[in-house]
């Protein structure tokens, strides 16, 4: 299988999500060639190439020409088309899987007149995210064209992978009448349960001490990017509600882009000092999660967010962290399992209720929450779950070929 993706330099999902899945799928007689269009520097690419080569996963980088705007993207697409076509012939590729819209356009052009099947890994609703959070006009020519590309990729693909049922419903509707619902497969994001795991009390205290965090204080953590869709301002307001009840509570923010934090709406300098910010790559996050007491997973209620299933939720649970999160169609699992608190709206009353829940229930029953969250994480968010989801999808394609 040739996996084709298009990313910026700070995106880690390739190493953190797909690399472990592809590595496990090798035992089921699947081999992979990864083609990444990116504008990351060549030093980072060389390091990444070494990691993939060690696991017998072929990897190739194509530089995205950003300096000329849309023209540069079109030039990149032209050379990408030639690259994909050559790889298909040279490596006897059976399946081409595209993640994101622009690679889908290139892949559709490349597989014409070739005995190759397409898979569309439709992770979320990225075009709608550009409307909701990046001021893209839904009536612009670019948006309308890319919407057509997305719908055509859905129609032409043998399988369409998605993380939520809501996204499946949207994509099927946009692709038009006659689009077979059977081609859509819901897959889970999974993490290695041996990497993301709770620690003993002594190890949790040692990790906190080594990193300058008082082992005795309640510690709330957020791990991930800091885009508008993840509600940084609301997260700080929630943290203030916690401090009003448990004054010693600290907030830990783990992100690979700490420079993006906007402190302008926080006037209290002393309050800022209670917030710990760590710039970390994904592989260094798990020890911090394991020594925390609560994970935050807020999301905007914009239309595009119905297609997102944040992998951080699985990371939190596997490390024994209960989760506070905003309501979506996929979050009932958390509340029904008593592993978190789902808030209906970002308002003072909801924040006060959730802060009281954390103070009265979680902190006083920390070990029972830890074991319950770990069990839920293994049952629904382990890497094996994701591998089996992908394996079933790929096997069905192979059997019908």
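If you check 225, 257, 173, 216, which single one turns out to be farther than 21 Å from residue 316 by Cβ, out of contact with any helix residue (DSSP H, G or I) (no Cβ under 6 Å at 6 or more places or on another chain) and outside the structural domain of residue 130 (by TED's automatic domain parsing)? Full working, then the answer.
Working: 225 fails: farther than 21 Å from residue 316 by Cβ; 257 fails: farther than 21 Å from residue 316 by Cβ; 173 fails: outside the structural domain of residue 130 (by TED's automatic domain parsing).
Within the list 225, 257, 173, 216, the selection yields 216.
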Only one of 316, 369 that is closer than 25 Å to residue 202 by Cα, surrounded by 15 or more Cβ atoms within 10 Å (Cβ to Cβ), at pLDDT 95 or above and in contact with a strand residue (DSSP E or B) (Cβ under 6 Å, 6 or more places away or on another chain): 316
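Of the residues that make up the range 208-223, is at least one closer than 28 Å to residue 134 by Cβ and either out of contact with any strand residue (DSSP E or B) (no Cβ under 7 Å at 6 or more places or on another chain) or surrounded by fewer than 21 Cβ atoms within 10 Å (Cβ to Cβ) (or both)? Steps first, please.
Our first condition is that a residue be closer than 28 Å to residue 134 by Cβ; within the range 208-223, this holds for 221-223.
From what's left, either out of contact with any strand residue (DSSP E or B) (no Cβ under 7 Å at 6 or more places or on another chain) or surrounded by fewer than 21 Cβ atoms within 10 Å (Cβ to Cβ) (or both): none.
Checked the range 208-223: no residue is closer than 28 Å to residue 134 by Cβ and either out of contact with any strand residue (DSSP E or B) (no Cβ under 7 Å at 6 or more places or on another chain) or surrounded by fewer than 21 Cβ atoms within 10 Å (Cβ to Cβ) (or both).
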Criterion violated by residue 119 - all others in (1) within 22 Å of residue 37 (Cβ to Cβ); (2) under 20 Å from the mean Cα position of the chain (by Cα); (3) not in a strand (DSSP E or B) satisfied: (3)
Verdict on residue 65 being surrounded by fewer than 19 Cβ atoms within 10 Å (Cβ to Cβ), farther than 30 Å from residue 396 by Cβ and in contact with a strand residue (DSSP E or B) (Cβ under 6 Å, 6 or more places away or on another chain): no
Qualifying position, being in the same structural domain as residue 166 (by TED's automatic domain parsing), surrounded by fewer than 19 Cβ atoms within 10 Å (Cβ to Cβ) and not in a helix (DSSP H, G or I), among 86, 82, 112: 112
Verdict on residue 267 being more than 23 Å from residue 167 (Cβ to Cβ) and in contact (Cβ under 8 Å) with a residue 60 or more places away in the chain: no
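The values are calculated or read from the model by the stated rules, or taken from the named source; none is laboratory data. Everything quoted here is computed from the prediction, not taken from an experiment. So basically every Cβ, Gly included, is an ideal-geometry build from the backbone, and we count neighbours across all protein chains shown.
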